[in-house]
Structure formats: C-alpha cells, structure tokens
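K.L.:
One structure, pasted below without further comment.
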Amino acid sequence: MAYLDYNATSPLRAEAKVAAERAFALGGNASSVHASGRAARALIEEARQNVAALGGARAEEVIFTSGATESNALALWGAVMGSLEARDAAKDATARITRLFVSAIEHPAVLENAKAVAERFAGLRLEFIPVRTNGVVDLDALKDLLREGKGRALVALMAANNETGVVQPVDEVLTLVRAEGALLLVDAVQAAGKIALPAADYLTLSAHKLGGLQGAGALIVRTGIPYAPLITGGGQERGARAGTENLAGIAAFGAAATAAAQENVTPVLRDRFEAGLRKIAQEVTIFGVESLRLPNTSNFSLAPIPAETALMALDLDGVMLSSGAACSSGKVKRSHVLAAMGISEDVGACALRASFGWNSTEADVDAALSSISKLVARRRAAA
Ligand code: PLP
C-alpha cells in the first residue's frame, strides 16, 4: 500500500496516539472541579500551549473546535457578528464589517460560509479575489477592492492551497490589510507545520491534517479582534465556543502540533515524484509549478486520462492519490481552483494530486510511479 493523500488526511502520528490514549485512560470533564476534571483541564491547557506555538499565537487566543470547517465558519460568522457588537458598543458605524473579500481558491469551508454570511446580513458585500494563472492571488485586484468603497473589510486568503499547494502572499496581504484598517482570515490548514504562518487576525487549523485525530481543530482569534460566539451553552472555551471539550482529540492535536512544528518538511519526495512523472509522460501538466509551492504537494494532469479512471487504476495497485477536489459523494467534480487559474475543463478533469507527509517514503513514490507508468503504457497501447 502506498498512501499519498496527506492533504486529505494524515495517518495518526505515534505521539498523537499516545496522547489520545492518555486522554482515554483519564476520562474526565474539564469543567469538573474534582481531580479527574482538573487532570482533563491540564491536558487541554497543555495542548492549547502547543497549538498556540504552532500558530504563533498566545494560548488564550486559541479556541478549540470540531475541525477547520467549523473554525472557518466561526471566524466568518463570528467576525461579522462581533463587528456589529463592536459598532453598537462604541456607537461607531465604521467598526462594522461591510465588505467581505474572499479568494476564489478558498476551501468550500470558507467559500460556502462567506456566501451564507453575505446572504444573511443586508449591507454586507461579498467579492471574490481572482487568482493568476500561476495559482497566486491577484494582489492588484485585492488592492483595488480594498481601496474602492467605504466600510471595514474582512479578507479571507488561505496560506497555501490544498489542491495545488501554491503558497499565497499572506504577509503582503497582511500589510495591505493593516494599511486599510481591514481584517484578515487565514486558513492555515495545509500550510501549518510546513511553512511559517502569518500573524493574521483569524487563523484556522485542523488536527487531522497534522497527524492528529479527525474531529478536532482550532480557531485563533487575536486579542482585541471582533468575535462573537455562534455556539453558546456551558461557557467552555472562555465562552467563545460552548460544548464539552473533545479531550482525546484535543490532546492528540497538541501532540501532533508539536511534532509537526519540529519537522523539517523538504520537497525531496515531491521532486522525485515529479521527475519520475516527466520521464513517464513528457506531456504531463503540473499545476502551479512556476510558483512557490508547499514542499509536499503535487497537482498534475495526465490528460486525456480522466482522473476517475486513473484513481481507480492506481487504487487497484494499492496506490492512493486524490483528484484534488473529491466531493463527499466520492465522485470527481470540477475543481474550482483549477477553473480560477484558467485551466481548461478537459485538462482539469484529469487532475490528480499526490501529497506526502510524515510517514511517506521513497518506496511510496516509486510504487505510485510504477502504477502510473503501467496506466500510461496501457493507454498508449489502446490508442
Ligand atoms: N481548509 C482546507 C484548506 C482544507 O484542506 C480542509 C480539509 O480538506 C478544511 C479547511 C476542512 O478541514 P476539516 O476537515 O478539519 O473540517
């Protein structure tokens, strides 16, 4: 078996498994005042320190969630609602977020929530920031958006794209955003542990992409930044997100965050893979290759071989890749990321993604290349 789909989910790291098992053995509700509750609280606070360190934040700025989908939803809804509260408290109309600028290549967790928030609040304008053909957000377009019109803006730009791995200029965007008095949400799900993260106002993380458990994530909201809770109840997470904490998920997240932060992820496996691909099929298209990319991600097309055909053939050989844009039904759908980069539908429909992680080996790369080589040879013979 060769698992090359770390951007979908990472196998559990040994450190995270140990931490989860510790939490299972402990049990306890972190809100209880007795010894078991205090022990659970200690695990959560230790994990909070570790996740804060990965996100370049203070522990009290970390809100644990059920994953990055929830984190992104909380950030968008919480920012807009928090800005309304800030407006009312300060009797200052300019505190309200009235413009939402979202990059066209965001994950659906951002795109769909941005659309829903804009529909819900009259007077909130949503605009999509285009990307260039190299997969990098168009900074001139963002500058124009920020400068035209009045009202506080919230910009959403991911640190690196989950399909292409293209790294986005989040630091430059942060400078622009600061100059305009706007706010910045950075989805750092794929970038965390691989590249430096910006000091964005809102930053989102997912445990299972780092080698933790599925169902845990974090939203980092910097001190003093508008935020109103969406989920209220027992007051957990300092009132920012109620609900009894996912003790094992959070403990494993903390351990995975520390392990990921200490790792030096290099592009060695990705480069070996892409060199092999070029030998097998000179006609291969590698998306975003001219841009700075995450060291672990390769998004490519073997057109005219459809992605679905390729995925099934590779799967039969025990090689697990992704189409880059699998929807929940498991069917391959058109990638909005490649569409935004101006990639034709024909080529986009053949897009595959290989992504590497903490347990990937050269043998995994070679197994994938050997399976792809057989597939390409069969296709050529058939043609
Ligand atoms: N954001 C990005 C960039 C992602 O790649 C993903 C997962 O694929 C998510 C958000 C959602 O994360 P989660 O699975 O923790 O809800």
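The values are calculated or read from the model by the stated rules, or taken from the named source; none is laboratory data. As the structure is a computational prediction, the values presented were derived from the model and not from experiment. Note: ideal-geometry Cβ built from the backbone for every residue, glycine included; neighbour counts use all protein chains shown. To get the accessible areas, we keep the full protein, side chains included, count just its heavy atoms, and leave off ligands, DNA and RNA. Shrake-Rupley method; radii C 1.70, N 1.55, O 1.52, S 1.80 Å.
K.L.:
Can you sort L154, L26, L54 by 1.4 Å-probe accessible area, starting with the largest?
P.N.:
Largest accessible area first, the list is L26, L54, L154.
K.L.:
Another question, then. If each residue of separation counts as 0.36 nm, what is the full-extension length gain between K150 and R120 once their alpha-carbon separation is subtracted?
P.N.:
Once the chain is fully extended between K150 and R120, it gains 8.8 nm.
K.L.:
Under a plain spin-label model, where a point goes 7 Å from the Cα along Cα-to-Cβ, how far apart in nm are R58 and A179?
P.N.:
The two pseudo-label positions are separated by 2.9 nm.
K.L.:
Set the Förster distance to 30 Å, then compute FRET efficiency between D171 and A89 from the Cβ-Cβ distance, nearest 0.05.
P.N.:
That gives a FRET efficiency of 0.45.
K.L.:
Suppose a student asked you for the relative contact order of the chain, using Cα pairs under 8 Å spaced at least 6 residues apart; what percent would you report?
P.N.:
It rounds to 24 percent for the chain.
K.L.:
Between A339 and D271, 0.36 nm times their residue separation minus their Cα-Cα distance comes to what?
P.N.:
22.0 nm
K.L.:
On a straight-distance basis, which lysines could pair with K374 in a cross-link, Cα separation under 29 angstrom, same-chain partners fewer than 8 positions away excluded?
P.N.:
Cross-link targets: K279, K331, K333.
K.L.:
Then there's this: Hey, rough spin-label estimate for A242 and R22, points 7 angstrom out along Cα→Cβ, what's it come to in nanometres?
P.N.:
Simple spin-label model gives 3.1 nm for this pair.
K.L.:
Quick one: if the Förster radius is 25 Å, what FRET efficiency do V347 and L139 give, using the C-beta to C-beta distance and rounding to 0.05?
P.N.:
That gives a FRET efficiency of 0.45.
K.L.:
Stretch T285-M1 to full length: gain in nm at 0.36 nm per residue minus the Cα-Cα span?
P.N.:
My answer for the length gained is 99.7 nm.
K.L.:
What GluC sites (Glu not before Pro) in region 65-174 are in a loop by DSSP, with at most 11 other Cβ atoms within 10 Å of the Cβ?
P.N.:
Listed in order of number, the matching sites are E148.
K.L.:
Turning to a different aspect of this structure: Which loop GluC sites (Glu not before Pro) in region 269-371, with loop taken from DSSP, have no more than 16 other Cβ atoms within 10 angstrom of their Cβ?
P.N.:
Taking region 269-371 and a limit of 16 other Cβ atoms within 10 Å, the loop GluC sites (Glu not before Pro) found are E283, E290.
K.L.:
Turning to a different aspect of this structure: Give me the one-decimal Kirkwood hydrodynamic radius in Å for the chain, with the sum taken over alpha-carbon pairs.
P.N.:
21.6 Å
K.L.:
With a cut-off of at most 12 other beta carbons within 10 Å, and DSSP calling the residue loop, which trypsin sites (Lys or Arg not before Pro) in region 49-122 qualify? Please list them.
P.N.:
K91
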